[in-house]
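The values are calculated or read from the model by the stated rules, or taken from the named source; none is laboratory data. Computed from a prediction, not measured in an experiment: that's the story for all the values here. Please note: Cβ atoms are built from the backbone with ideal geometry, for glycine as well, and neighbour counts cover all protein chains shown. With ligands, DNA and RNA removed, areas are computed over all heavy atoms of the protein, side chains included. Shrake-Rupley method; radii C 1.70, N 1.55, O 1.52, S 1.80 Å.
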Amino acid sequence: MQRNILFRVVALRFSQKRFYKKQVRVRFAPSPTGELHIGGLRTALYNYLYARSNDGAFILRIEDTDQLRVVPGAMEKLHDDLLWAGIIPDEDPIRGGPMGPYIQSKRLDFYSEQVLKLLNKKAAYHCFCTNLRLDILRREAIKSHQIPKYDNRCRHLSDEEVKEKLNKGVDHCIRFKLSETYDPFQDMIFGTVEHDISINEGDPVIIKSDGFPTYHFANVVDDHFMEITHVLRGAEWKVSTPKHLMLYKAFGWEAPKYGHLPLLLNKDNTKLSKRQGDIKVDWFRKTGIFPLALINYITHAGGGFQRNQGSQQLYSYEDLIKQFDVTKININSTKLEPLKLQEFNKIEISNLLADKANHAFLISRVKKLVTSAFPNRSPEGGLQLEDSHILKVLQWVQNRITNLSDLVAEDLSFLWVIPTTLPDITEPKYFEIIDLLIIKLTEINDEEFVKMELSKFLKQFAKQNDVSFPTLMKIMRGLLSGLKDGPSISEMMDILGKNITIQRLKRLSLNNQSHGQAHTCHQLKF
Ligand code: GLU
């Protein structure tokens, strides 16, 4: 009986706690200064997984306070790359939401209003120092081997002095008073972090002379008003967090919990550089990497999941959401392993193919890829892009390629393009032989038009007609692919199928009829 009562009390407490628990709200806050790269994608992804695994909300906020660095169209592209990756915000600049606007340049009134609170509390002050003075300070510090930082001179101006300068319209910015003492903070990933900011920095500018807020100020104000509960962001921001916490304290607001994600590195320990083409999400998209493969590539490195690290399995979003555990993220820098990406993509291609529902999508992807790889050819002009052909090719290549773009590599171009050249034929009897071969092939059933059967058939055909097998194969290769090497002839015939094979072989006799007897590598026009 006693136990029963106790149980009920505990259960009630538990349900009350659940009831009062604040909803988890996280955000991804990129600056629209360029394309989304893999580091940004990881930040977005981990926030998204955190939101989803806690029944929370994931917000996309655009931080464009540095207007000079804004790249037109970058915001839309960032958003599009996120959607492609399967990271769908609950609130964002396009869809909107209850705590918008979600673009900082549209929130200027907020910042002006909030900064007044700090000015009134004397936690912030107007600074009238000129760029020239700041420059001199910097140079002098460097000369005397000191840390270059603002000397906080305007902190000490009297109210009258400030009023007078403001009345005269003297150019100014607003700075935040850093406190001399700092509290260590508990990072969700790194544990206790101590960083004495005032040793390294003077009072930071929070409102610039053009009236725009700086990143630090806008970031804190927005996180507060957007009710952000947890901030997962790159480790490069760890040194700024004490400053942000001081701002929260000055406002009297509760700060979110911070977790800093360790640096992402190349396999050889070098830093990812924006100049590296292969770190942009767009690059992966264009080379035929599938979203889930990219997501697994990122999550495989660096921990954060209750999974077997050696596992070859491709995890779905549902799996990743279930497995995600911030405390399991490694503190050490994360090294990317490009080979893993290839493996994951291969698995994803097979997975997608195994489900008929994906076929139309895969076919359209391949069509796009092929038409852009061969811009001078069209389906009327020698591109073979029938749906059934594409599907057959995909089944055939699924264990041979890692990227869809491999499908348009030189050695596989025969899959799509009718060759424009004819093989060099020195013995005229081969024209008749090919004509005969076409007749014989026409008689073969579709079900028997497969590699093994064709291989036997071709050997027998050469023997019965008393022609050299290697010569016949060479001519056929020229007619089917226009290439010197590649898969075996019977395999090529199998993958191209009966109609396409015959169509390509006929090029010889068609050419023969219209141009007479001598044939050496003619260019056919389509
Ligand atoms: N705008 C910052 C960035 O682009 C956001 C940093 C943060 O998440 O606080 O990285």
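A few notes on this one:
- Restricting the first member to the range 103-120 and to residues that are closer than 15 Å to residue 219 by Cα and at pLDDT 95 or above, and the second to residues that are surrounded by fewer than 16 Cβ atoms within 10 Å (Cβ to Cβ) and of a type in the set (Gly, Ala, Ser), the beta-carbon pairs closer than 9 Å and six or more apart or on different chains are 108/211; 111/211; 112/211.
- Residues located in the range 244-254, provided they are surrounded by 20 or more Cβ atoms within 10 Å (Cβ to Cβ) and either in contact with a helix residue (DSSP H, G or I) (Cβ under 6 Å, 6 or more places away or on another chain) or of a type outside the set (A, V, I, L, M) (or both): 244, 247
- Looking across the range 149-177, the residues that are in a loop (DSSP other than H, G, I, E, B), over 30 Å from residue 333 (Cα atoms) and in contact (Cβ under 8 Å) with a residue 40 or more places away in the chain come down to 150, 151, 152, 170, 171, 172, 177.
- Residue within the range 153-170 that is at pLDDT 95 or above and under 41 Å from the mean Cα position of the chain (by Cα) present: no
- All positions within the range 278-321 that are under 28 Å from residue 74 (Cα atoms) and among the charged types (D, E, K, R): 278, 280, 282, 285, 286
- Checked against the criterion of being surrounded by fewer than 16 Cβ atoms within 10 Å (Cβ to Cβ) and under 30 Å from residue 340 (Cα atoms), the range 410-421 contains one or more residues that satisfy it.
- Screening residue 382 with (1) surrounded by 12 or more Cβ atoms within 10 Å (Cβ to Cβ); (2) out of contact with any strand residue (DSSP E or B) (no Cβ under 9 Å at 6 or more places or on another chain); (3) not charged (D, E, K, R) gives one miss only, at (2).
- Residue 146 being surrounded by fewer than 16 Cβ atoms within 10 Å (Cβ to Cβ), under 35 Å from the mean Cα position of the chain (by Cα) and outside any helix (DSSP H, G or I): no
- Pair list, Cβ under 6 Å, 6 or more apart: the range 26-44 residue over 17 Å from residue 84 (Cβ atoms) and aliphatic (A, V, I, L, M), other residue more than 8 Å from the ligand (Cβ to nearest atom) and open to solvent by 20 Å² or more (accessible area, probe 1.4 Å): 26/50; 26/230
- The range 176-231, residues that are among the acidic types (Asp, Glu) and within 14 Å of the ligand (Cβ to nearest atom): 187, 222, 223
- Total residues in the range 126-140, condition open to solvent by less than 50 Å² (accessible area, probe 1.4 Å) and in contact (Cβ under 8 Å) with a residue 12 or more places away in the chain: 6
- Being more than 25 Å from residue 34 (Cβ to Cβ) and surrounded by fewer than 19 Cβ atoms within 10 Å (Cβ to Cβ) is a condition met by at least one residue of the range 289-306.
- In the range 90-111, the residue that is surrounded by the fewest Cβ atoms within 10 Å (Cβ to Cβ) out of those that are aliphatic (A, V, I, L, M) and outside any helix (DSSP H, G or I) is 94.
- Cβ pairs under 7 Å, 6+ apart, first in the range 220-238 and without any contact (Cβ under 8 Å) to a residue 60 or more places away in the chain, second surrounded by fewer than 21 Cβ atoms within 10 Å (Cβ to Cβ) and among the hydroxyl-bearing types (Ser, Thr, Tyr): 220/248
- Single residue of 314, 341 found to be closer than 27 Å to residue 410 by Cβ and modelled with pLDDT of 90 or more: 341
- Residues within the range 338-351 that are under 13 Å from residue 288 (Cα atoms) and open to solvent by less than 30 Å² (accessible area, probe 1.4 Å), tallied: 5
- All conditions in (1) of a type outside the set (A, V, I, L, M); (2) out of contact with any helix residue (DSSP H, G or I) (no Cβ under 7 Å at 6 or more places or on another chain); (3) open to solvent by 70 Å² or more (accessible area, probe 1.4 Å); (4) touching a residue at least 40 places away in the same chain (Cβ under 8 Å) hold for residue 442, with the sole exception of (2).
- Residue count for the range 214-236 under the criterion of being surrounded by 19 or more Cβ atoms within 10 Å (Cβ to Cβ) and charged (D, E, K, R): the result is 3.
- Answer residue from the range 476-494, given it is aliphatic (A, V, I, L, M) and farther than 16 Å from residue 457 by Cβ and is surrounded by the most Cβ atoms within 10 Å (Cβ to Cβ) among those: 479
- Residues of the range 46-73 satisfying the condition of being within 23 Å of residue 285 (Cβ to Cβ) and open to solvent by less than 10 Å² (accessible area, probe 1.4 Å): 46, 47, 49, 58, 60, 62
- When residue 222 is tested against (1) within 34 Å of the chain's Cα centre (by Cα); (2) at pLDDT below 95, just one condition goes unmet, and that condition is (2).
- Residue in the range 112-125 that is buried (at least 16 other Cβ atoms within 10 Å of the Cβ), in a helix (DSSP H, G or I), at negative phi and within 37 Å of the chain's Cα centre (by Cα) present: yes
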